[in-house]
Amino acid sequence: MKLGKFLSLILVIIMALSFCMVVNAEDIAIAGSNQQTALDLTTAPAGVYINMSESFCSASFRCPSWSNNIGIIHMGIYLWLGDYQTTIEGRELYGKDFVDFADGASLKFEFPTAPAGEYLILMQGRGTDTVGVWTCSEVSSKAKEIELTFYYKGAINVTFPHGTIVTGKNPTLGELNISQNPGEMIDIGTDKTSELPARTFEEKISESIIMYTGSPLAYVNAQSKMIDKYNKWVTPYVDSGYTLLPVRFVTENLGATLAWNDATQHITITKDDIVIELSVGVNFMSVNGEIRAIDMAPKIVNTRTMVPLRAVTEALNIPIHWRQDGENGLIIIGETCNDLGYDVSVIGTLLARYKLAN
């Protein structure tokens, strides 16, 4: 065989292999017009419910980064569990981060082949840089053949995202593991996945202490419990812009010890090699003997001692995340607090649970 024909044959083979990377693929456009509105994913997630009658392996969405090409969008696919809220509290089956993408780029979320069934593809911003998804009010004729619903801020939205769904099989990534067994590891070990392992809502919050101002409930080790089982009026609260927490509940759940002198109303908190001393009504605290001014003195409220959140956690070198919610606020304490604070699906679930409980 002559060299020219040989090279031509190789080129044909390469093109054929490239074409067959997704077997029997078909692109189904979702949006039906070019009229566009950008939805902000930084403060709230968006989800596309899809009821597929055949296997599919990717979805693409046009996403703005508000002209600066900076920001992160995380996309994940979930098995549909009957309703939106229950679904996003379940296990993400596969996920990917898109980091610092071009403004208006079409982000292609490839995943292992998902068999026919009901799914939710969730898109959410991570961090503080504004990112979003372009939507329009019309759905394409092809997409009308699929049962498809678009959710934004946890509710059904009348617009639809600009993007496509690709049917067929992707042999590169294999088959999607759709097990919902909490004890089963989900294999996402390819270079196309997020660096974070797929986790359920409970697994995500398991390493933090979570409270909400005005609420007697807290989450510790992903379990809901009363802050004070003897007094439902003991809650975190805000005074003059400073958040105060019940000292015994917080110290015990942070692995610290608490000593209280009733005669002098003196508090001693000890954790590892850190010793903190405070007194009710005194705007100073001692940290390993070093005197520090504090903006809000400890108080006794509803017969319980309350201490300033930020002063105590900073002295113990424990991170916190505060999420304003109208007149109230969500408090997350722990090493993973910032990850949770920027996971808008987790924040949305926590706020919904607190408002339902109250």
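Counting helices only, and only those DSSP H runs with n ≥ 4, report the 222 nm mean residue ellipticity of the chain as the sum of -39,500 (n - 2.57) divided by its residues, in deg cm²/dmol to the nearest 500.
Values: 8 runs with 64 residues, N = 358.
Calculated mean residue ellipticity at 222 nm is -5000 deg cm²/dmol.
How big is D for the range 204-357, in µm² s⁻¹ as a whole number, if Stokes-Einstein is applied with the Kirkwood radius of its Cα pairs at 37 °C and 0.692 mPa s? Intermediate results must be reported in sequence, preceding the final value.
Values: Rh = 15.8 Å.
Translational D for this selection: 208 µm²/s.
For the range 22-197, with only Lys/Arg (+1) and Asp/Glu (-1) charged at the beta-carbon, what is the dipole magnitude about the Cα centre, in debye rounded to 20? Kindly include the intermediate steps, with their values, before the conclusion.
Details: 10 positive and 21 negative charges, 54 e Å.
Dipole magnitude for the range 22-197 comes out near 260 debye.
Compare the Cα positions of S33, L93, M52 along the charge dipole of the chain (+1 at Cβ of Lys, Arg; -1 at Cβ of Asp, Glu; about the Cα centre) and return the one farthest towards the positive end.
S33
What ³J(HN,Hα) values, in whole Hz, does the Karplus curve 6.51 cos²θ - 1.76 cosθ + 1.60 give for the range 64-75 when θ = phi - 60°, with x put for Gly and Pro?
Per-residue couplings from phi come out as x, 10, 6, 6, 9, 6, 10, x, 10, 10, 9, 10 Hz.
Would you tally the net charge around E147, using a Cβ to Cβ cut-off of less than 15 Å, leaving E147 out, and scoring K and R as +1, D and E as -1? Before the final figure, lay out the partial values.
Working: positive: K142, K144; negative: E54, D83, E118, E145.
Charge balance in the 15 Å sphere: -2.
Just to confirm a number: summing +1 for Lys and Arg and -1 for Asp and Glu over residues other than I70 whose beta-carbon lies under 14 angstrom from that of I70, what do you get?
Values: positive: R126; negative: D97, D100, D103, D129.
It works out to a net charge of -3.
At a 10 angstrom cut-off on C-beta neighbours, averaged per residue, how do the peptides 69-76, 347-354, 109-116 rank from highest to lowest? Don't skip to the end; give the middle numbers.
Values: 69-76: 21.9, 347-354: 18.2, 109-116: 20.1.
Per-residue mean Cβ counts within 10 Å order the peptides as 69-76, 109-116, 347-354.
Simple spin-label model, 7 Å along Cα-to-Cβ: T149 to I70 in nm?
Here the modelled spin labels are 3.8 nm apart.
Let me check the size of the range 22-197 from its C-alpha atoms; what are the radius of gyration and Dmax in Å?
15.1, 45
Averaging over all projection directions, find the projected area of the Cα convex hull of the chain and quote it in nm² with one decimal place.
Numbers: hull surface 96.9 nm².
For the Cα atoms of the chain, the hull's average projected area reads 24.2 nm².
Net charge near D100: determine it from the other residues with C-beta under 12 Å of the C-beta of D100, scoring Lys and Arg +1 and Asp and Glu -1.
On the way: positive: R126; negative: D97, D103, D129.
Residues near D100 contribute -2 overall.
To the nearest 20 debye, what charge dipole does the chain have about its Cα centre, counting +1 at the Cβ of each Lys and Arg and -1 at the Cβ of each Asp and Glu?
Roughly 320 debye for the chain.
Where a number appears in this text, it was derived from the coordinates with a stated rule and is not lab data. These figures come from a predicted structure and were not determined experimentally. Reconstructed Cβ throughout: ideal geometry from the backbone, glycine too, with neighbour counts over all protein chains shown.
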